[in-house]
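Enquirer: One structure coming up, written as structure tokens, with questions to follow.
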Amino acid sequence: MHYLSTRGDKSALTFSQILLGGLAPDGGLYLPETYPRFSIDDLSTMRDMDYRQLAFAVMSRLADDIPAADLRALIDKTYTTEVYSHGRKDSDFSQIAPVRKLEDGLYLLELSNGPTLAFKDMAMQLLGNLFEYALDNAGQDINILGATSGDTGSAAEYAMRGKHNVRVFMLSPLSGMTRFQQAQMYSLQDANIFNIAVRGVFDDCQDIVKSVSNDLEFKAKYRIGAVNSINWARVAAQVIYYFKAYFAVTANNDQKVSFSVPSGNFGNVCAGHIAHMLGLPVQKLIVATNENDVLDEFFRTGIYRPRTAAETLHTSSPSMDISKASNFERFIADLAGRNAVQVAEFWKAVDSGGSFDLNPSGLFDQIKQYALESGSSSHADRIQTIRMAWEKYHTMIDTHTADGLKVGLEHREAGIPLVCLETALPAKFEDSILEALGVQPERPAGLENLESLPQRVETMNAEVAAIKAYIAGHASD
Ligand SMILES: *Cc1c(COP(=O)(O)O)cnc(C)c1O
């Protein structure tokens, strides 16, 4: 199986060849040339599998150049109850990504029991092991440079800590993250993790990453890599839990299921779309946004209009505060029948600060076959939904999950099970829980005193040269 860029670059690459990279050379994203398809018979075989077996069934189709025994070992090492049982609710402790029934036909897919209490651990932990494996095989090392406003950075650090041949340099804004989020990252003492608190805001951090990455000489010399949400392996690993949830809430493969997904960069719901393309019987994929509703606007109007930094609001579901959705190009490529010329044209407009409209070409009329719907919510909606879930279902959910539940319920259909994806635990967003419920969320065991642990962080000015010098000084053993 081969991967191609959405924008038409001619090289056809294997999973391992695109694993460590980000964008294709032409600026596009990688997609399988054609999607492998699970038949109804395949689904019947998969129905009784546990999470690790399911992960292997899915990943072996998408990463078919990794020897089966190696892939199985990497998956078995990743998906353990030890790694995924932080802050578990009352569900079955032997399960990875358990499904919790809220009421008949309504379910919560628990994805946030990994080490950083957010769903990004589901894919990032596998990515860490895949990176280590690939780098060992190639006899290479890599210096991952990233910018974070919270969840991505911590998920990356917890996935890469202690891995040989990998160092992580993570820039975070000196102010802007919660004390919990800061402590999560800065308390890591692993020698290969470098936290850099930048005197500035998240955009300053991101600008520094961009200018370092644009210095091709520096990038090559210090083998700078990334683990951002466009990484195909991350999307692929997220496909697994859609299958898991489907089997958990259905009795046979004739049934269809809808999923509601709290969305920012369109990575999580893109994985749902891929699961659908692989043959999962999906009724609807519901894209839930917060006030930053660029995706909701698109699914309602056919117009994709990324926002400027000034138009991007800071909300109480901050991990969804995006100005443009970096994985969205994958879906548009499928919608456009992989017409790379057309996709390249759309993103030429986007990359120069513009927008595109799918109505004139008639493409928007074809969107129905993909079964995507959308909605948005506000801070008041989140608070109300957190209260409702607590009172009605005795379940405490975080603000992002609340966005998904609120929008999901608006699109619910009788007779079709609705699975809402939990993307973070409430403990990460204490202030909103306090506002909604008047109580502090419970801290998962072991994290009670997180903020008082010793921290390992370098505070630096938002200066590219200084950050480059820091990386150069710490890049080799
Ligand atoms: C990253 C994140 C999201 C958004 O996911 P995308 O894949 O970017 O759409 C939603 N909720 C939480 C808690 C997150 O960390």
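Enquirer: Which of the aspartates and glutamates could a cross-linker span from LYS210 if the Cα-Cα distance has to be under 18 Å and same-chain partners fewer than 8 positions apart are dropped?
Expert: Straight-line reach from LYS210, under 18 Å: ASP26, ASP351, GLU463.
Enquirer: Could you work out the pair-distance distribution P(r) of the stretch 186-266 from its alpha-carbon pairs, with 5 angstrom bin width and percents rounded to whole numbers?
Expert: 3, 9, 12, 15, 16, 14, 9, 7, 7, 6, 2, 0
Enquirer: Amide H of SER374: which non-local residues (sequence gap of 5 or more, or other chain) have their own amide H closer than 5 Å, using H built in the peptide plane?
Expert: Amide H neighbours of SER374, under 5 Å, 5+ apart: VAL287.
Enquirer: Between LEU434 and ARG338, what is the label-to-label distance in nm when each label sits 7 Å out along the Cα-to-Cβ direction?
Expert: 5.3
Enquirer: From the backbone phi of the stretch 330-346, what are the Karplus-calculated ³J(HN,Hα) couplings (6.51 cos²θ - 1.76 cosθ + 1.60, θ = phi - 60°) in whole Hz, Gly and Pro given as x?
Expert: Per residue, the Karplus-derived 3J(HN,Hα) values read 5, 5, 4, 4, 5, 4, 7, x, 6, 6, 5, 5, 5, 4, 4, 5, 4 Hz.
Enquirer: Antiparallel as a % of all DSSP beta bridges within the stretch 255-394, to the nearest 5?
Expert: Of the beta bridges lying entirely in the stretch 255-394, close to 15 percent run antiparallel.
Enquirer: Same structure, new question: For a test of the definition: using alpha carbon positions, the gyration tensor, and the 1.5 limit on a/c, classify the stretch 316-366 as rounded, prolate or oblate.
Expert: Note, shape of the stretch 316-366 comes out prolate.
Enquirer: Using the Karplus curve 6.51 cos²θ - 1.76 cosθ + 1.60 with θ = phi - 60°, what ³J(HN,Hα) values do you get for each residue of the stretch 414-429, in whole Hz, with x for Gly and Pro?
Expert: 4, x, 10, x, 10, 10, 9, 7, 7, 9, 7, 8, x, 4, 6, 10
Enquirer: What full-extension length gain, to one decimal in nm, is calculated for ASP104 and SER323 as 0.36 nm per residue of separation minus the Cα-Cα distance?
Expert: 75.2 nm
Enquirer: Something else now. What number in nm² do you get for the stretch 291-405 if you take the convex hull of its Cα atoms and divide its surface by four?
Expert: Average of the hull's projected areas for the stretch 291-405 equals 8.0 nm².
Enquirer: So how far apart, in nm, are the two label points at ALA445 and GLN140 if each is 7 Å from Cα heading toward Cβ?
Expert: So the two model labels end up 4.2 nm from each other.
Enquirer: By how many nm would the segment from TYR35 to ASP357 lengthen if fully extended, with 0.36 nm per residue of separation less the alpha-carbon distance?
Expert: 113.3 nm
Enquirer: Here's another thing I want to ask about it. Residue by residue through the stretch 213-224, what is 3J(HN,Hα) from phi via Karplus (6.51 cos²θ - 1.76 cosθ + 1.60, θ = phi - 60°)? Round to whole Hz and write x for glycine and proline.
Expert: 5, 7, 8, 4, 5, 4, 4, 6, 4, 9, 6, 7
Enquirer: May I ask you to compute the full-extension gain from ASP70 to GLN455, defined as 0.36 nm times their residue separation minus their alpha-carbon distance, rounded to one decimal in nm?
Expert: Working it through step by step, the gained length comes to 135.0 nm.
Enquirer: In addition: Assuming R0 = 25 Å, what is the FRET efficiency of ALA380 and THR250, from their Cβ-Cβ distance, to the nearest 0.05?
Expert: Efficiency for this residue pair is about 0.15.
Enquirer: Now a separate question. Zone of THR80 (label point 7 Å along Cα→Cβ, backbone N under 13 Å): which residues in the stretch 134-173?
Expert: none
Enquirer: In the stretch 100-197, what percent of the accessible surface is made up of carbon and sulfur (1.4 Å probe, ligands and nucleic acids excluded)?
Expert: It is 44 percent, rounded to a whole number.
Enquirer: Okay, moving on. Binned at 10 Å from 0, what are the whole-percent values of the Cα-Cα distance distribution for the stretch 1-111, short to long?
Expert: 12, 30, 32, 21, 4, 0
Enquirer: If you don't mind, there's one more thing I want to ask. Could you pull out the pairs from LYS348/LYS368; LYS77/LYS406; LYS221/LYS428; LYS244/LYS284; LYS101/LYS163; LYS120/LYS163 whose alpha carbons sit more than 27 Å apart here?
Expert: Beyond 27 Å: LYS77/LYS406; LYS221/LYS428; LYS101/LYS163.
Enquirer: Write down the Å³ per residue value for the convex hull defined by the alpha carbon atoms of the chain.
Expert: Expressed per residue, the convex hull around the Cα atoms of the chain is 137 Å³.
Enquirer: Based on DSSP H runs of at least 4 residues, each adding -39500 (n - 2.57), what is the mean residue ellipticity at 222 nm of the chain after dividing by all its residues, to the nearest 500 deg cm²/dmol?
Expert: -12000 deg cm²/dmol
Enquirer: Could you give me D for the stretch 255-303, from Stokes-Einstein at 10 °C and 1.306 mPa s, where the hydrodynamic radius is the Kirkwood radius over C-alpha pairs? Units µm² s⁻¹, please.
Expert: 140
Enquirer: Mind ranking 356-366, 3-13 by how tightly packed they are, going by the mean number of other C-beta atoms within 10 angstrom, highest first?
Expert: Packing proxy ranking, top to bottom: 3-13, 356-366.
Enquirer: What does the accessible area per residue of the stretch 335-425 come to in Å², with a 1.4 Å probe and no ligands, DNA or RNA counted?
Expert: Result: 44 Å² per residue.
Enquirer: While we're looking at this one, here's another question. In cubic angstrom, how much convex hull volume per residue do the alpha carbon atoms of the stretch 370-477 span?
Expert: Per residue, the Cα convex hull of the stretch 370-477 comes to 238 Å³.
Enquirer: Which of rounded, prolate, oblate describes the stretch 122-224, given a ≥ b ≥ c as roots of the alpha-carbon gyration tensor eigenvalues and a/c under 1.5 marking rounded, otherwise prolate only if a/b is larger than b/c?
Expert: Since a/c reaches 1.5 but b/c is at least a/b, the shape of the stretch 122-224 is classed as oblate.
The values are calculated or read from the model by the stated rules, or taken from the named source; none is laboratory data. Small disclaimer: the values here were computed from a predicted structure and weren't measured. All Cβ positions, even for glycine, are placed from backbone atoms using ideal geometry, and neighbour counts span all protein chains on display. Protein only, heavy atoms only, side chains kept; ligands, DNA and RNA dropped before computing areas. Shrake-Rupley method; radii C 1.70, N 1.55, O 1.52, S 1.80 Å.
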